Structure formats: structure tokens, C-alpha cells
Amino acid sequence: MGMLTGLVSRLKPGVTVVVPAHNVERYLGPCLDSVLAQTWWDRCRILVVDDGSTDRTGRVADEYAATRPRIQVLHQPNAGPGAGAARNRGLDLVTTQQVLFLDGDDELAPRAVELLSGGLRRHGLPLAVGATEQFPEPRSWLWSGYFEAGVTQAVSIEQVPQLVHDARTCDKLYDTAWLRRSGLRFAEGIHHQDTVVNVPAMLRTSGLVLVGDVVYRYRKRAEGTSVMDSHFTRLDNYWDHLQVIETLNGMASQLTPSRRPLLDAFLVRSFQGFARRAPGLLPAERLPEFFVRAKAVIGGIDPAIIEQATTGADQRAAYVAMREDDLASFLRLDALAGRLRAHRGDLYLDLPCSTETNRQLLQTGATRAWADELRLIGNRLRFRLRLRIGGASHLDTALASIEARFVQGGEPVAVAPVTVRPHVDDPRQHTGVVSVPLDGLPDGSYRVRLGFLTGTGATARWLRRPPDAATEAAGDSTVGVQLAIRDNCAEFTVERRAPFTR
């Protein structure tokens, strides 16, 4: 600590870009070039921490340093998995007033340092966050809407609450002395190591600088070898992220009461995929430990936050088992969450619940049932059904059956069974074909009510049309059928035609 105190007192103006690098020989050159191209390069230093690379990463770094005195390279035995130890070593050796961490396979936008560092200086705050661009395949994130090109402003985290979910490091610039005083350190020996610094930092600072321009270019590797590509398939990630939420939960007492819900929302949202998948992937003998440790964190979170921070009932199922302290249901989660039950006109995942609050967490979301591709084949009316029920998957097995009820004047006139198949890449999306004899449909207009039958009863929803769908027609010389949209519902009109006579 004495050495660090001395370093803090001698901090010089400027920005150190700490680059942890492990086996990124293909990308380290472009990464360093992006820093060398900074409009404020004269205020920058680069510290590359070669984390025991076995390829040419270390040699590439040395070649850059040989001709550029403001590039320093440290070689260390690999301290992974994860870049936490390399980041910490770099942070300990920083001698400038500001520090930025950049992964060795990513890049900075040309004005990144100018915008981030300039923003910190103008507003006198310890943390700046800029917009991220993914390449070569672009994407957006939950918090992307907060960033407006050309606009740099000071905000509190309460003004941009979804930003708490941006746990990444490389889009952030820190005041070095503030970061050291905070006591925050990157987790070592695990992936997701940056979360335990970036999330609490955003929650502890009174304000941060929001830079609306892109500062960080995240490389989505085509070969799929980055950490995020194996997010849910690498089993160690489940234990790594469990350690992360335990660590963050232990920091909750250091937050103001208004910011604890923001932390809880992060814990819930970031862990939902791990909690839901764990019973089907982790070794059976370790599941009780996983359950008990996760329950200690999740069990104390307001159910309203769990509902708001999750994407659907299927992602809340594991949390309900934890709130119920029901290890048996957690171990059978795939089977239980794969069935639906009807209750008071709504559909729920079929997990046992002792409270109405927990039951509501299992309620499925909106039903999207669309009709299109109208056909008249022989004496049968056929159309395609596209079906999705929010928070439910594999409806072909989750429901006892589905039926299409053709309704005229408030009464069902004909009923047809429906068979749906889930999409091969997304078990939440389903398609099916509905076929009904025209003999059972007198002339007139019909709406279709889909009936969902479960072991505890049934519920129903109207069949609809995409809002911008055009009217479809089919028929022959004897009958015509139209499929149109009326009040957002699908409406079929059947009209027999008089035979043509001379």
C-alpha cells in the first residue's frame, strides 16, 4: 500500500491505456494502432501486459515498444482465466491521472481519449462512459439509447438507470486516484472479472460523464473464440458469475438506499440465463451448492424487481424455485417450466407455488398469434398460423392441445385442431397449418379464437393479423374466401358464388 500511496502522489497529467493481452497476435497490432492514432496521443501512454501468451503476442508488443518510448511491455506468467490479474498489475503501475483499459483484440475510435478525458476534466468527475460499436456485425444494447452523437454531459446513474447493465470495461475512463481509493479490484482467475469494478463504480460515484460518440470498437470475432461466444456453454462461467453476484451483493451495504434497486436489477438480469440453464448443464452433484449460493443472493430481492429485470416467465422459473426454497423443483426445472397450466384465464409455467406473488412471476406474457398464407385446397380452407406466447417455449409439448374456433355472432361454428412446430433455431417461435372444411362454414364473416388446453383447464386468445398485412383472397368459381384485418383481428369472409349460366 505504501508503494501505491507514493504512486498516487506522483501521478502526472495524461492517460495510460492498459492493454491486457493473451494470445491475440492477429489483433494486437490493430489494437495498438488505434491508440497510436488518437487525436490526443501526445497525452497517452500504453502499458501492454502480456499475460503468458504462447503465440507471437508478446513479440508483437515488444516490436511496437522498440520504436515508441511511450509504450511499455510487461511479460508475466499466465494468471488467467480472465484478464483480471493483468488489469490489476497494470493499474498498480499506472503513473498518469487517468486510466483506460483496452482488450488486446479490440480498438479505440480515433477521438476516444480526447472525448473521454476532456469530459472528465470539464466536469470534474471520476468516471466517463462512451458509446460502443460492435464490428464487423453491428448491434445495439439495452442502454444504447442514452448515447447521442456529439453530446457529452454529466449525469447521475438515476438518470440513465439501464447503464448499470453495461458491465464492460473498455468504454470507460477512470480517474486513477479515485479508482485506487475506491478499493475496487478486478476479480482474478475468473471470466466476467471486470463486472466487480465497473458496476459498483457507476453506483458509487455521484455522477459520471456520458460521451455520446463511439469511443470503443468491440470486435466480434468470426471464429467464435472470445469469452462472450462461450457465455452459456463454458461450465466454469456459471461458477464465475455466481462468484460475481455474491461479490456485488456483498457491496450492497455501501450503496445509498436509492441505488440498491439498481444493483438488484443488475444481479437479476445478468444471472437469469445462468440460473435457468444450470439444472440442465451442471453436474448433478454440484447443483445443490449452486442452488444454495444463488438463493442467498436472489432470495432477498424484491419480486417486482425480478419481474421487471427478466425477459420472461421462463427466465424467472429458477428464481421462483429459489424464492420457494424448492430444490426439488429446481432440479426438475426443464420439465416443470416446459409445461403450462391455465389459471383464471391466463397461462402460467407449471411450478408449485406457495404464494400468489411467486405465482405471478410465472405468468406468461403477451400472446402473438397471426394468420397468413390463405389457401383454398379442394373443399378445405387452410392458412398458416404463427404463434408465440411470451415466456413459454415448445408449445407443442407445453400444452395438451390447441384448437381453432371459428366464431360467428359470438358463437363457435366450427372447430379445427391445430398442430404447431417450434422453429429449429428458436423454440419460442412456432408455426402450424389450420385446415377446416368449408362445409362447416356458412356464408359470412368469422373471427378465430385459439383455445389453449392444459391439464388444469383452458384459456383462449383471438387470432390476429400483422398490422400492415394486406387482404388475402383465395377461391374458385364456386366459392371465395378473404382474410383481412378488422380491429387488429383476423377476419375470414366466406362467400358462395352462383354458377355461371348463359
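For region 329-470, what does the alpha-carbon gyration tensor say about shape, rounded, prolate or oblate, given a ≥ b ≥ c as the root eigenvalues, a/c under 1.5 as rounded, and a/b over b/c as prolate? Taking the square roots of the gyration eigenvalues as a ≥ b ≥ c, region 329-470 is prolate. Have a look at Met322, Val413, Leu282 and report the one farthest towards the positive end of the charge dipole of region 279-431, computed about the Cα centre with Cβ charges (Lys/Arg +1, Asp/Glu -1). In region 279-431, that residue is Val413. In plain terms, the residue of Cys31, Cys489 with the fewest other Cβ atoms within 10 Å comes first and the most crowded comes last, giving Cys489, Cys31. The protection proxy used here, the mean number of other Cβ atoms lying within 10 Å of each residue, ranks peptides 432-444, 238-250, 468-480 as follows, highest first: 238-250, 432-444, 468-480. Which trypsin sites (Lys or Arg not before Pro) in region 447-501 sit in a loop by DSSP (not H, G, I, E or B) and have at most 15 other Cβ atoms within 10 Å of their own Cβ? Sparse-neighbourhood loop trypsin sites (Lys or Arg not before Pro): Arg497. In whole angstrom, the chain maps to an equivalent ellipsoid with semi-axes of 55, 27, 20, each derived as √(5λ) from the alpha carbon gyration tensor and ordered largest first. Remark on Leu235: its backbone amide H falls under 5 Å from none of the residues 5 or more positions apart or on other chains, H modelled at 1.01 Å from N.
Protection proxy ranking, highest mean first, for peptides 60-67, 381-388: 381-388, 60-67, where packing is the per-residue count of other beta-carbon atoms within 10 Å, averaged.
Please report, in debye to the nearest 20, how large the charge dipole of region 367-496 is about its Cα centre when each Lys and Arg carries +1 at its beta carbon and each Asp and Glu carries -1 there. The calculated dipole for region 367-496 is roughly 300 debye. Amide H contacts under 5 Å for Thr456: Ala342, restricted to partners 5 or more places along the chain or on a different chain, H placed in the peptide plane at 1.01 Å from N. The 3J(HN,Hα) values that the Karplus relation (6.51, -1.76, 1.60; θ = phi - 60°) gives for region 40-46 are, in residue order, 10, 4, 5, 9, 10, 10, 10 Hz. Gly and Pro appear as x.
When the square roots of the Cα gyration tensor eigenvalues are ordered a ≥ b ≥ c, the ratio a/c for region 231-361 is 1.5 or more and a/b does not exceed b/c, which makes its shape oblate. Taking amide H atoms as placed 1.01 Å from N in the peptide plane, the amide H of Val407 lies under 5 Å from those of Val413, Arg447, Val448, Arg449, each 5 or more residues away in sequence or on another chain.
Karplus-derived 3J(HN,Hα) values for region 266-282, using 6.51 cos²θ - 1.76 cosθ + 1.60 with θ = phi - 60°, are 5, 4, 5, 5, 6, 9, 4, x, 5, 4, 6, 8, 3, x, x, 10, 6 Hz; glycine and proline are entered as x. Between Val433 and Asp302, full extension at 0.36 nm per residue minus the direct alpha carbon distance yields a gain of 42.9 nm. Quick one: grab the alpha carbon gyration tensor of region 2-226, order the square roots of its eigenvalues as a ≥ b ≥ c, and give me rounded if a/c is under 1.5, else prolate or oblate depending on whether a/b is larger than b/c. Verdict is rounded for region 2-226. Fully extending the segment from Ser206 to Arg221 would add 1.8 nm, taking 0.36 nm per residue of separation and subtracting the current Cα-Cα distance. Model label points for Asp468 and Leu281, set 7 angstrom from Cα along the Cα-to-Cβ axis, are 3.6 nm apart.
Note on Phe135 and Lys12: the extension gain reaches 40.9 nm, defined as 0.36 nm multiplied by sequence separation minus the Cα-Cα distance. A simple rule links phi to the HN-Hα coupling: the Karplus curve 6.51 cos²θ - 1.76 cosθ + 1.60 with θ = phi - 60°, which for region 162-167 gives 6, 5, 4, 7, 8, 7 Hz, with x for Gly and Pro. In the neighborhood of Leu179, defined by Cβ-to-Cβ distances under 12 Å, what is the net charge if each Lys or Arg adds +1 and each Asp or Glu adds -1? Spelling it out: positives minus negatives among the neighbours equals +4. Note on Met251 and Asp372: their simple-model spin labels are 4.6 nm apart, each label 7 Å out from Cα toward Cβ. Restricting region 109-163 to GluC sites (Glu not before Pro) that sit in a DSSP loop and have at most 14 other Cβ atoms within 10 Å of their own Cβ leaves Glu148, Glu158.
Using equal-weight Cα scatterers in the Debye expression, the normalised intensity of region 97-245 in log10 at q = 0.09, 0.11, 0.12 Å⁻¹ is -0.27, -0.41, -0.49.
Throughout, read-outs are computed from the coordinates displayed, never taken from laboratory work. Computed from a prediction, not measured in an experiment: that's the story for all the values here. Heads up, the Cβs are rebuilt from the backbone with ideal geometry, glycines too, and the neighbour counts pull from every protein chain shown.
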